[in-house]
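Worksheet: the structure to be examined is printed underneath.
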């Protein structure tokens, strides 16, 4: 893969999101370990940067949409613009949740169920959005994540408010189920890649693509599972001597894998993204 091909397939939005999440996760772990004494508002800086870029991208996209009417005549221009507006609305509601979380961690003046209301609302709405995205062949990673975790968000809020006294191992049951399904997907991708490697009729490119996909899924899902196990034991005081930076360390492998994958996500060139109102959304 040459440099031109590398950046031709580069997806800047995924790169920015995963990089911001990586930095935020590291800062939050250091904060919880009292390694740094920053305020939570400073710790959330990568999240604020992410949301600022989303709003900036939507602003530029809207400007292009209204300033150059001839772009609206392109095949799926209206679908692109509508998808951008939907994504912007989701991110703004998510920003409300993040602001409430940051304020709650700083002042503890809210109940957690109130803090989670925007996230629960997003989860409900995301079900309809996912159906719309499938119908119009749009990506819906964030919406799908929220939709399948609605029960988990409710459990977290109830546990943090001490309305339920379950262990964290039980609280994370929805995530355990999701991880089991993800592991089935990983196993399937590995088996499929193995079959293609042993099939003589398959060309080298298909074998390489299948192998890379299986490798990417493995290094994305397995570290998340390890993180979940460590976090559950940490919160249940079974590994109280373990620091949070060690607990979240498997996530760094996942983030690194996702960042690498952003160089082959075929996000299109920046001019095309701009003209189609898809900048950083």
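Miscellaneous remarks
- Complete set of residues in the stretch 66-79 that are closer than 18 Å to residue 136 by Cβ and at pLDDT 80 or above: 79
- Residues that are without any contact (Cβ under 8 Å) to a residue 40 or more places away in the chain, closer than 21 Å to residue 53 by Cα, under 17 Å from the mean Cα position of the chain (by Cα) and part of a helix (DSSP H, G or I) do occur in the stretch 79-91, at least one of them.
The values are calculated or read from the model by the stated rules, or taken from the named source; none is laboratory data. What you see is a predicted model, and the numbers here were worked out from it, not measured in a lab. So basically every Cβ, Gly included, is an ideal-geometry build from the backbone, and we count neighbours across all protein chains shown.
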